[in-house]
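Here is the structure we will look at, set down as C-alpha coordinates.
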Amino acid sequence: MTAALRTCFADRPDIIVVDLHGLEDGDAASLPLWLAARRAAGVLRPPVQLALCLPAATVLQIRLRRIGAHRLPLYATMAEARAAAANPPIC
(Lines give C-alpha, C1' and ligand atoms only; values in the text may rest on other atoms or scores of the structure.)
Protein backbone atom coordinates (compact mmCIF):
# COMPACT_ATOMS: atom_id res chain seq x y z
CA MET A 1 0.00 0.00 0.00
CA THR A 2 2.82 2.41 0.84
CA ALA A 3 4.48 1.92 -2.55
CA ALA A 4 1.18 2.54 -4.34
CA LEU A 5 0.68 5.78 -2.40
CA ARG A 6 4.21 6.93 -3.26
CA THR A 7 3.50 6.32 -6.93
CA CYS A 8 0.26 8.29 -6.71
CA PHE A 9 1.98 11.19 -4.93
CA ALA A 10 4.73 11.24 -7.55
CA ASP A 11 2.10 11.86 -10.24
CA ARG A 12 0.99 15.02 -8.35
CA PRO A 13 -2.77 14.71 -8.90
CA ASP A 14 -5.17 17.21 -7.34
CA ILE A 15 -6.80 14.46 -5.28
CA ILE A 16 -6.19 10.83 -4.40
CA VAL A 17 -9.21 8.79 -3.34
CA VAL A 18 -8.36 5.46 -1.73
CA ASP A 19 -11.09 2.81 -1.71
CA LEU A 20 -10.69 0.79 1.50
CA HIS A 21 -13.84 -1.29 1.26
CA GLY A 22 -11.82 -4.46 0.68
CA LEU A 23 -9.29 -3.73 3.42
CA GLU A 24 -9.19 -6.34 6.16
CA ASP A 25 -8.08 -4.27 9.13
CA GLY A 26 -10.19 -5.36 12.07
CA ASP A 27 -7.96 -3.66 14.63
CA ALA A 28 -7.21 -0.48 12.62
CA ALA A 29 -3.49 -1.30 12.40
CA SER A 30 -3.31 0.81 9.23
CA LEU A 31 -4.24 4.01 11.09
CA PRO A 32 -0.63 5.33 11.25
CA LEU A 33 -0.27 4.77 7.51
CA TRP A 34 -3.29 6.94 6.69
CA LEU A 35 -2.23 9.69 9.08
CA ALA A 36 1.28 9.69 7.57
CA ALA A 37 -0.21 9.74 4.07
CA ARG A 38 -2.34 12.75 5.02
CA ARG A 39 0.76 14.58 6.29
CA ALA A 40 2.74 13.66 3.15
CA ALA A 41 -0.07 14.89 0.90
CA GLY A 42 -0.16 18.20 2.75
CA VAL A 43 3.55 18.98 2.40
CA LEU A 44 3.65 18.46 -1.35
CA ARG A 45 3.64 21.63 -3.43
CA PRO A 46 0.99 22.04 -4.54
CA PRO A 47 -0.68 19.98 -1.82
CA VAL A 48 -2.56 16.85 -2.85
CA GLN A 49 -5.95 16.23 -1.28
CA LEU A 50 -6.25 12.72 0.15
CA ALA A 51 -9.64 11.13 0.80
CA LEU A 52 -10.53 7.70 2.08
CA CYS A 53 -13.57 5.70 1.09
CA LEU A 54 -14.46 3.13 3.73
CA PRO A 55 -17.56 1.60 5.25
CA ALA A 56 -19.10 3.38 8.21
CA ALA A 57 -18.73 1.85 11.65
CA THR A 58 -15.46 0.05 10.93
CA VAL A 59 -12.82 0.23 13.64
CA LEU A 60 -10.61 2.30 11.34
CA GLN A 61 -13.35 4.79 10.52
CA ILE A 62 -14.34 5.14 14.18
CA ARG A 63 -10.73 5.71 15.27
CA LEU A 64 -10.07 8.25 12.52
CA ARG A 65 -13.14 10.20 13.62
CA ARG A 66 -12.29 9.85 17.33
CA ILE A 67 -8.77 11.25 17.01
CA GLY A 68 -10.05 14.19 15.04
CA ALA A 69 -8.62 13.30 11.66
CA HIS A 70 -11.28 15.56 10.19
CA ARG A 71 -8.74 17.00 7.80
CA LEU A 72 -8.74 13.60 6.15
CA PRO A 73 -12.05 13.37 4.31
CA LEU A 74 -13.86 10.08 4.81
CA TYR A 75 -16.62 8.86 2.51
CA ALA A 76 -18.87 5.82 2.73
CA THR A 77 -19.02 5.28 -1.03
CA MET A 78 -16.86 6.01 -4.04
CA ALA A 79 -19.80 7.93 -5.55
CA GLU A 80 -19.73 10.32 -2.58
CA ALA A 81 -15.96 10.72 -2.85
CA ARG A 82 -16.12 11.41 -6.58
CA ALA A 83 -18.91 13.95 -6.13
CA ALA A 84 -16.92 15.76 -3.44
CA ALA A 85 -13.78 15.73 -5.60
CA ALA A 86 -15.71 17.17 -8.53
CA ASN A 87 -17.15 19.96 -6.38
CA PRO A 88 -14.39 21.13 -4.01
CA PRO A 89 -15.35 23.77 -1.43
CA ILE A 90 -14.54 27.36 -2.30
CA CYS A 91 -12.49 29.08 0.41
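The values are calculated or read from the model by the stated rules, or taken from the named source; none is laboratory data. Remember, predicted model here, so these are calculated numbers, not experimental data. Neighbour counts run over all protein chains shown; Cβ positions are idealised from the backbone, glycine included.
Can you tell me which residue among ALA36, ALA3, ALA57 is modelled with pLDDT under 90, among the hydrophobic types (A, V, I, L, M, F, W, C) and assigned to a helix (DSSP H, G or I)?
Values: ALA36 fails: modelled with pLDDT under 90; ALA57 fails: assigned to a helix (DSSP H, G or I).
One residue alone meets the criteria, ALA3.
Kindly provide the set of residues from region 14-33 that are in a helix (DSSP H, G or I) and either in contact with a strand residue (DSSP E or B) (Cβ under 9 Å, 6 or more places away or on another chain) or in contact (Cβ under 8 Å) with a residue 24 or more places away in the chain (or both), ordered by number. Give the derivation first.
Taking region 14-33 first, the residues in a helix (DSSP H, G or I) are 31-33.
Of everything in region 14-33, those that are in a helix (DSSP H, G or I) and either in contact with a strand residue (DSSP E or B) (Cβ under 9 Å, 6 or more places away or on another chain) or in contact (Cβ under 8 Å) with a residue 24 or more places away in the chain (or both) turn out to be LEU31, LEU33.
Restricting attention to region 60-77 and to residues that are in a loop (DSSP other than H, G, I, E, B) and either on the phi > 0 side of the Ramachandran plot or of a type in the set (A, V, I, L, M) (or both), the residue that is modelled with the lowest pLDDT turns out to be ALA69.
Does any residue of region 11-23 turn out to be of a type in the set (D, E, K, R), farther than 24 Å from ASN87 by Cα, over 11 Å from the mean Cα position of the chain (by Cα) and exposed (fewer than 15 other Cβ atoms within 10 Å of the Cβ)?
We begin by selecting, within region 11-23, every residue of a type in the set (D, E, K, R); these are 11-12, 14, 19.
Subsequent filtering for residues that are farther than 24 Å from ASN87 by Cα retains none.
Checked region 11-23: no residue is of a type in the set (D, E, K, R), farther than 24 Å from ASN87 by Cα, over 11 Å from the mean Cα position of the chain (by Cα) and exposed (fewer than 15 other Cβ atoms within 10 Å of the Cβ).
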